Amino acid sequence: MAGSQSSAAAGATDHDELLVEHDGPAVRLWLNRPERRNALSASLLEALSAALTGANERPETRVVVIGARGPVFSAGHDLSEMTERSLADYQALFGRCTRVMQQIRTLDVPVIAQVEGLATAAGCQLVAACDLVVAAEGATFATPGVKIGLFCTTPMVPLVRAIPAKPAMEMLLTGEPIDAVRAYELGLINRVVPAGELDTAVAELVGQIARSSREVIALGKRAFYEQLSLGEDEAYRRATGLISENAAMPAAQEGMAAFLEKRPPKWP
């Protein structure tokens, strides 16, 4: 079952639809609507946004992990909230979801999606919006909105930035799911592991990231996404300014000194 870790972990907080665990350098957020296939209701999106803000403000946080309780990672938007609504209602709903996806990208720390089971529509969008993804072998990914007359336009945005255009278009036009191996081949996810090793694989990745300076990780993450939309000349101009600022930071000075002195760094 996804989210096999106990919610009784140190610092666990129950927000009903979202479980929050403080686990050393990691803040783990568990989608907790298994009876609704972890559909992203308006209230769940609000809880997720608040939890991301809280995780970012916690000085100890080095990584945020988003997982899910139950056999489905997320079935996307809660369709029971979407019938017979006004245009303004739809704009508010999709605007709220967009803000959460963009919040993930602008967070100071990396966000890892821990995926078991199906991630579909806005659930696939959530996966694509995360910085890194570790998935169990049985996980599947789909943007099937076209099948119900609602093209996955917003899920398309992070999807086409994560995988090549042709397979992204095929997923959007057919709505057919791809398995974890195909998602790995396309670059949607970083690692595929047996289901029983999912927690361990994510913990390993958290540990690798947590060894570095949070301040430097924040700078690097921001630089990565900023340069994606730039031409090469402008990207180099921006990157040259940032790496110069980075080199002058206390963390970089400590890291370089530690390397030269052959000792572990002591981050400011």
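Quick notes on this structure:
- Rounded if a/c under 1.5, otherwise prolate or oblate - region 38-90, Cα gyration tensor axes: oblate
- Cβ-to-Cβ counts within 10 Å put ASP233, ASP199 in ascending order as ASP233, ASP199, the fewest first.
- Compared with the dominant Cα axis of the chain, that is its longest principal axis, helix 87-106 is turned about 30°.
- Exposure proxy order (Cβ contacts within 10 Å, fewest to most) of ILE66, ILE148: ILE148, ILE66
- Overall form of region 146-255 per C-alpha gyration tensor (a/c, 1.5; a/b vs b/c): oblate
- Between the alpha-carbon centres of region 180-207 and region 120-172 there is a gap of 17 Å.
- By other beta-carbon atoms within 10 Å, ranking ILE209, ILE163 with the fewest at the front produces ILE209, ILE163.
- Largest GNM mean-square fluctuation among MET169, MET156, MET249, using the chain with Cα springs under 10 Å: MET249.
- Highest-first arrangement of 93-104, 219-230, where packing means the average Cβ count within 10 Å: 93-104, 219-230
- Estimated FRET transfer efficiency (LEU230, GLU35; beta-carbon r; R0 30 Å; 0.05): 0.10
- Cα→Cβ-extended label distance, 7 Å offset, between LYS166 and ALA195, nm: 3.4 nm
- Region 214-260: C-alpha gyration tensor shape, a/c 1.5 cut-off, then a/b vs b/c: prolate
- Among the GluC sites (Glu not before Pro) found in region 12-98, those both in a DSSP coil and sparsely packed, with 11 or fewer other Cβ atoms within 10 Å of their Cβ, are GLU84.
Readers should treat all values here as calculations from the given coordinates under stated rules, not as data from a laboratory. Computed from a predicted structure; not experimentally measured. Virtual Cβ from ideal backbone geometry, glycine too; neighbours counted across all protein chains shown.
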